[in-house]
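Taking it in order: structure first as structure tokens, then the write-up.
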Amino acid sequence: MPVLHAVLGAIARPAITLLSKRRQPRIDGRVAVSGLDGEVEIIRDRWGVPHIYASTERDLFFAQGFTHAQDRIWQMDLNRRTAAGRLSEIVGGALIETDTIARTLGFTRNAVLDLKNMPAEIIEVLTAYTDGVNAHISGIGGRLPVEFTLLRYRPDPWTVLDSLSYVRLLTWILSYGWYTELVTARLIKAIGPELAADLRIEYPSDHVDTLPNGIEVGPLLSKSGDSPAGGFISTGGGSNAWAVSGSRTTSGSALLANDPHLPLRLPSTWYENHLKAAGYHVTGVSFPGLPGVAIGHNEHIAWGMTVSFVDAQDVVVERFDPARPRMYQTADGWLEAESIQETIKVRRRKEPVTVEVLLTRNGPVLPQIDVGKDRKAVIRAMSLGPARDAAGFIGINRARNWAEFREACRSLRATQVNFLYADIEGNIGYTATGAIPVRASGNGTLPVEGWADDSGLVGEIPHEEMPHALNPDQGYLISANNRIVNDEYPHHLGSIWIPGHRANRIEEVIAGSDDFGVPESRDLQLDFTCLPGLQFADLVRDLTPDDPDSRLGADLLKSWDGVLDAASAPGAIYELIRRRLLRRLLEPALGPEMTQQVMGDGTHPLLASESEYVTYDTVILLRLLRGTEDRESGASPQWVERAGGTEAALEWALADAVRQLRSTQGNDPAGWTWGNMHKMTFAHAMGLRQPLDRVFNRGPFQIGGDSDTPWQSAYPASGPYSATSAGQSYRQIIDMGDLPGALAMYAPGQSGRLGSRHYDDLIKPWLAGEYHPMLWERSQVDSERRETLVLAPDGG
């Protein structure tokens, strides 16, 4: 069959590509459009980035929606269908479960409430954007992409609700916590609390915090010499980002860098654009389907973000009455769950599927999760609560200073991220966003019983008391999904932070330099140093195995510099040991299924594709191997005793890794590389089925890194070693004293249209660690101009 698929793919690719080329959007010339106040100029540069110039904000957002639709309308349609639970309409019965989950979580239900509470000025922005999208859907500026032809359907008109539903989908994806509670509870049930504690998620004490001094607000800098009086702020983040004060930079200006880590897809999650109208000038990457810029800079400030991994989700176990299926028990008596009947249309089926969604006072019931007889699992998630996040992002785009930026972040209740900040006055800052619960009892590490008196919430952390910092004494801020604050912070934020391996490496580089600049930021974003790999290599340094394979593996690790690039042979040894040895230590006690969960396996991709355990495999492995009778800091020795002791376990793992490499990469160690095992593919949704993967996908490409290297290239617990979990989805470096010199890069390309030269043209430069300028001044844009499309008022 693989040969047949290869042949069919070779035939289909040129034919479908040719068909798609004939359906490319019009990006040059002049087009008449109804509803504009004046002419809008859309200049595309040689990287395919549109620079949009309009006289009014309404025209600007109209043109952004139009441009998004020209390059990404099928992606936008797929995303809104995912949020609304309408994928089965175009795909068929295979995605009924996905649609059911989306309806259960209620992204569109919540979007309806968001729309009712949205400020009128933001509704105007969303409406202008929507009008622009629909102008292209109606046929202006080119035909629809080839995906619609292959699936034989046309997109419905875009609505404001589609944008807000997509916001809800995004904020859900970026929130964490609930599934790890279930895994921890299952683990305790399987082996008891004492042994389960050996496998605990616990942030290492020698890993850095984003705010080591807690909330820290220094003097606000101003080049004019004016300093506002106190009162503008109260004193009382998968990705990397750093902000460095001018006191530590080469240029003397503040510097901000960010590289968000997301699954790498085709097309990209991001869309780069430059927007300019009277009183509005911003550039960076946006989400197709939403107006404005998500990460970037304006004339005054720059910002980046990382996922914060605060714990704002809980599993609440509700007790239902078997005689009255909608009645559930509370401390105040029995209540009736709200019942919503959802109708899911399914392609090629005459009758739709009807599902019942139950809502308790704590949240939606998840029938997919088994928690026992007459019990149902409910997700209580702050990201599913009231929010106006679309207003927050537009507010950030308009912010001119730290106070306005912080105020805009107040609206980001569903978006649980770390924001790093820098401005042209020399200030750097950090703030955490999102509504964070204050629980009546417990710390969110285990499910709670909904009928207990103390199972509820008693409030949320006030915005003024959320972690934040301005101009800290150390002169820099770092966020790499690591712990935000230490235990002295008065509120509980959670315990599911990503280990600080990346953060430690970033701090090592920045703290060691008083002359840090754009080149150093570039080198750091491209850094493949693997600190836990070096820690593991230290464990084998004194080994002198008798077995020749074990000795070869030990010698390779002893010579390793910790650089986990694609060419690394020691890196391949380490990565094989990292998974296979941990499995060998866990399976005798846990069995295969529970072991896989502790190694990070999740459930349905829309619910939780992975748990936070996935990032703690190295921490847990090192804890078990080191062992100790001090259970506060180590683990019971019985884990390694089952494997013959630490030395025997290490020698087995070294020999096993060498034999694995011999069987897959040949007998000569000189030919062994991490890249031969670790590859990534930019996968298109149409490429999930053969032979269309050979038409729409790009790759595989060898790549270095793992979850612990600054250039993150993580693989899933369920499918090592393909780099599909998270990678550098975007890179930006901004010196606030030189906005025209800002740099960016992302892959695979700007266009989602197969056959466009911008479909995959950025893959090679992205892999090579290159950047392109974020063109800012009009003279820069004109010098790189490739096409110009003018949108003119109808009749103009």
key: Over the range 494-569, equivalent-ellipsoid semi-axes from the Cα gyration tensor in Å   = 30, 16, 11
ask   = Which lysines, on any chain, are close to Lys223 with Cα under 26 Å apart, when same-chain ones fewer than 8 places away are left out?
value = Lys276
message = Taking each pair of distinct Cα atoms in the range 109-221 once, what is the resulting Kirkwood hydrodynamic radius in Å?
response = 19.9
query = How large is Rg over Rh for the range 87-145, taking Rg from the Cα atoms and Rh as the Kirkwood inverse mean of 1/r across Cα pairs?
reply = 1.11
request  = Specify, per residue and in Å³, the volume enclosed by the convex hull of the alpha carbon atoms belonging to the range 734-778.
outcome  = 76
request  = Quote the Stokes-Einstein diffusion coefficient, in whole µm² s⁻¹, for the range 368-486, based on the Kirkwood radius over alpha carbon pairs, a temperature of 25 °C and a viscosity of 0.890 mPa s.
outcome  = 148
Too-long pairs where the Cα-Cα distance tops 29 Å, listed order kept, from Lys345/Lys373; Lys189/Lys376; Lys116/Lys345 = Lys345/Lys373
inquiry  = Quick check: convex hull of the Cα atoms in the range 247-296, volume per residue, rounded to a whole Å³?
reply    = 118
query = Once the Cα gyration tensor of the range 272-401 is found, what semi-axes does its equivalent ellipsoid get, as square roots of 5 times the eigenvalues, in whole Å, sorted largest first?
reply = 43, 21, 12
ask   = If R0 is 35 Å, what FRET efficiency do you get for Gln665 and His604 from their C-beta distance, rounded to 0.05?
value = 0.50
key: Separation of alpha-carbon centers, the range 17-79 and the range 572-624, rounded to whole Å   = 45
task = Above 12 angstrom, tally the Cα pairs of the range 351-397 and express them as a % of all pairs, no decimals.
result = 73
Per DSSP, loop GluC sites (Glu not before Pro) in the range 368-473 with at most 11 further Cβ within 10 Å = none
request  = Provide the packing ranking of 702-712, 132-142, 589-599, i.e. peptides ordered by the mean count of other C-beta atoms within 10 Å per residue, highest first.
outcome  = 702-712, 132-142, 589-599
message = How much length would be gained if the chain were fully extended between Gln474 and Arg689, taking 0.36 nm per residue of separation minus their Cα-Cα distance, in nm to one decimal?
response = 72.2 nm
query = About the Cα centre of the chain, what is the dipole size in debye to 20, counting +1 per Lys and Arg Cβ and -1 per Asp and Glu Cβ, all else neutral?
reply = 3520
inquiry  = Under a crude label model (7 Å from the Cα following the beta-carbon direction), how far is Glu404 from Lys223 in nanometres?
reply    = 1.6
ask   = By average Cβ neighbour count within 10 Å, what is the ranking of 452-459, 565-572 from highest down?
value = 565-572, 452-459
request  = Just grab the label-to-label distance for Trp334 and Arg541, each label 7 Å out from Cα along the Cβ direction, in nm (one decimal).
outcome  = 6.6
inquiry  = I need the semi-axes of the equivalent ellipsoid of the range 570-685: take the C-alpha gyration tensor, multiply each eigenvalue by 5, square-root it, list largest first in whole angstrom.
reply    = 26, 23, 11
ask   = Can you list the lysines whose alpha carbon is less than 30 Å from that of Lys679, not counting same-chain residues fewer than 8 positions off?
value = Lys21, Lys558, Lys764
note = Rounded to one decimal in nm, the spacing of the 7 Å Cα→Cβ label points at Arg143 and Arg785 is 3.0
request  = Can you give me the three principal axis dimensions of the range 308-375 from its C-alpha atoms, in Å, biggest first?
outcome  = 46, 42, 20
key: Column: log10 I(q)/I(0), Debye, Cα scatterers of the range 554-611, q = 0.26, 0.29, 0.31 Å⁻¹   = -0.93, -1.02, -1.11
query = Could you sort Lys376, Lys350, Lys764 by accessible area so the largest value comes first, with the probe set to 1.4 Å?
reply = Lys350, Lys764, Lys376
note = Averaging 1/r across every pair of distinct alpha carbons in the range 1-102 and inverting yields a Kirkwood hydrodynamic radius, in angstrom, of 17.1
ask   = Going by average Cβ neighbours within 10 Å, how do the peptides 642-649, 723-730 rank, with the highest at the top?
value = 723-730, 642-649
ask   = In Å, what Rg and Dmax follow from the Cα atoms of the range 695-784?
value = 15.6, 50
message = What number results when the radius of gyration of the range 327-409, computed over Cα atoms, is divided by 2.2 N^0.38 Å?
response = 1.69
query = Using a Förster distance of 25 Å, how high is the FRET efficiency between Glu194 and Ala440, based on the Cβ-Cβ distance and rounded to 0.05?
reply = 0.40
message = Run the helix sum for the chain: -39,500 (n - 2.57) per DSSP H stretch of 4+ residues, divided by residue count, reported at 222 nm to the nearest 500 deg cm²/dmol.
response = -10500 deg cm²/dmol
remark   = Per the 1/(1 + (r/R0)^6) rule, R0 = 35 Å and r from the Cβ atoms of Glu351 and Arg22, FRET efficiency to 0.05 is 0.40
ask   = Binning every alpha carbon pair distance of the chain at 10 Å from zero, what are the percents per bin?
value = 3, 13, 23, 26, 21, 11, 3, 0, 0
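The values are calculated or read from the model by the stated rules, or taken from the named source; none is laboratory data. Since the structure is predicted, the reported quantities are computational estimates derived from the model, not experimental observations. Positions of Cβ are generated from backbone atoms using ideal geometry, with glycine treated the same way; all protein chains shown enter the neighbour counts. What goes into the accessible areas is simple: the full protein's heavy atoms, side chains included, and nothing from ligands, DNA or RNA. Shrake-Rupley method; radii C 1.70, N 1.55, O 1.52, S 1.80 Å.
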